Structures are given as structure tokens and as C-alpha cells.
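The values are calculated or read from the model by the stated rules, or taken from the named source; none is laboratory data. Every value quoted in this text rests on a predicted model; they were computed, and no experiment measured them. In this analysis, Cβ positions are derived from the backbone assuming ideal geometry, glycine residues included, and neighbour counts consider all displayed protein chains.
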Amino acid sequence: MYARLKKLPLDKVIVTLNRNESGDIDRKIELIGNLTDEQRNRLFEISNKCPIHKALMNTIKINSKLI
């Protein structure tokens, strides 16, 4: 969404998630396109502000009840 809004030359994004031995998640982000280092770094910063990323980084409490 950000790349489209800023009209960045981003063609494709590939995200790979793997769970490591300690239970943490290793995330690899591949940005495909004719991007400058500044654009790539900014897209990486934006990726860390994603609501899903934020939810996973914080403890999620789920309250459930059977009705």
C-alpha cells in the first residue's frame, strides 16, 4: 500500500517466516524492484508498523467463553 501510494518501483514482495529452535520467528523480506537503498530501508521500517506485525510482537490476550 505504501509503495503504491509513493509510486515506488516495487514489483514484488516475498516474505518468509520460519520458527527457530528457541520458538522465535525469523522473518526474511525480499523486495523486488528497482529500488534505492533509501526506499528499501523505508519499506522495511513501514513493515515493522504493520498491525499484524505489532500484534505478533506483543502478547495477545484472547478471552473466550462458550455460549
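Apart from one condition, D11 fits all of (1) surrounded by 10 or more Cβ atoms within 10 Å (Cβ to Cβ); (2) part of a helix (DSSP H, G or I); the exception is (2). Out of the residues in region 1-32 that are among the β-branched types (V, I, T) and closer than 17 Å to C50 by Cβ, state the one that is farthest from the chain's Cα centre (by Cα). Among residues in region 1-32 that are among the β-branched types (V, I, T) and closer than 17 Å to C50 by Cβ, the one farthest from the chain's Cα centre (by Cα) is I25. Tell me, please, whether a residue that is exposed (fewer than 10 other Cβ atoms within 10 Å of the Cβ), modelled with pLDDT of 95 or more, over 15 Å from the mean Cα position of the chain (by Cα) and assigned to a helix (DSSP H, G or I) can be found in region 33-43. Yes: one or more hits.
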